[in-house]
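Read through the structure below, which is laid out as structure tokens, and then see the notes.
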Amino acid sequence: MESFFGTVKEECVYRHTERPRSEARQTIFEYLEVFDNRTRRHWALDQVSPVIYEQKAKENAQADS
């Protein structure tokens, strides 16, 4: 978790300083939901995004049943 939050801070928070809290929240939400979950490849997930990994897991579960 510490590594994850360190990455969020490095790639998102520290690059966008001195803004209103609501704007910062939106920036962090967009980073997490749009980039990290849908685009960014994760080493622990066989180099695919969490969304793709979840889709593959559902497809495999359906194929097994």
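The values are calculated or read from the model by the stated rules, or taken from the named source; none is laboratory data. Remember, it's a predicted structure, so these values are computed and weren't measured experimentally. Heads up, the Cβs are rebuilt from the backbone with ideal geometry, glycines too, and the neighbour counts pull from every protein chain shown.
With respect to being at pLDDT 85 or above and among the hydroxyl-bearing types (Ser, Thr, Tyr), SER22 fits the description.
The single residue among SER3, SER65 that is under 18 Å from the mean Cα position of the chain (by Cα), small (Gly, Ala, Ser) and at pLDDT below 85 turns out to be SER3. Checking each residue in the stretch 34-65 for being aliphatic (A, V, I, L, M) and more than 20 Å from VAL8 (Cα to Cα) picks out ILE52, ALA57, ALA61, ALA63. Could you give every pair whose Cβ atoms fall below 6 Å, whose first residue belongs to the stretch 1-23 and is farther than 16 Å from ASP36 by Cα, and whose second residue is not aliphatic (A, V, I, L, M), counting only separations of at least 6 or pairs across chains? The qualifying pairs are HIS16/THR27. For first residues located in the stretch 36-50 and among the hydrophobic types (A, V, I, L, M, F, W, C), partners that are part of a loop (DSSP other than H, G, I, E, B) and lie 6+ apart or on another chain with Cβ distances below 8 Å form the pairs VAL48/ARG41. For GLU18, the requirement of being outside any helix (DSSP H, G or I), loosely packed, with under 12 Cβ neighbours inside 10 Å and out of contact with any strand residue (DSSP E or B) (no Cβ under 8 Å at 6 or more places or on another chain) is met. Of the residues that make up the stretch 30-42, is at least one polar (S, T, N, Q) and not in a helix (DSSP H, G or I)? For the stretch 30-42, residues polar (S, T, N, Q) and not in a helix (DSSP H, G or I): present.
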